[in-house]
């Protein structure tokens, strides 16, 4: 797998909770693939992963696409995010993919999608995100060690 700026960033608690793990990336193309754990603890009364959790997974896929594309120089702060839920998400592995569609000077536009292990498209999203210099928002000591993410 290609080395990315994400390799040296400690995962925040929210990402660890979601089971975030980098599967693949093409930073120059602004593309990334992330794995998540669709835990039973995330399910609604109907037994499916709750939509807010799926939205968090999408957000945690689209932001890292920009971070990797800019070699860790730019961090994203979500301005808007539109999510379309297409199929119920059963507990189990969930894969997120994102593609940066436009990287401006102050705003990035990104498209994302989540799929189930069997390939079912669960949700899609688009986001506009404010670009912030990483050095202004992430404490350097946080990125001093390799991310402690599950394999």
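Looking across the stretch 13-44 at every residue that is assigned to a helix (DSSP H, G or I) and touching a strand residue (DSSP E or B) at 6+ places or on another chain (Cβ under 6 Å), the one that is farthest from residue 70 (Cα to Cα) is identified as 42. Confirm whether residue 108 is at pLDDT 95 or above, in contact with a helix residue (DSSP H, G or I) (Cβ under 6 Å, 6 or more places away or on another chain) and either assigned to a strand (DSSP E or B) or more than 18 Å from residue 6 (Cα to Cα) (or both). Judged against the criteria, residue 108 is a match.
Residue-by-condition table, conditions (1) touching a helix residue (DSSP H, G or I) at 6+ places or on another chain (Cβ under 6 Å); (2) crowded, with 18+ Cβ neighbours inside 10 Å; (3) at negative phi; (4) not in a loop (DSSP other than H, G, I, E, B):
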| residue | (1), (2), (3), (4) |
| --- | --- |
| 46 | no, no, yes, no |
| 75 | yes, yes, yes, yes |
| 88 | no, no, yes, no |
| 95 | no, yes, yes, yes |
| 112 | yes, yes, yes, yes |
| 122 | no, yes, yes, yes |
| 128 | no, no, yes, yes |
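The values are calculated or read from the model by the stated rules, or taken from the named source; none is laboratory data. Just so we're clear, the structure is a prediction, and the values are computed from it rather than from any experiment. Every residue, glycine among them, receives a Cβ derived from its backbone with ideal geometry; neighbour counts consider all protein chains shown.
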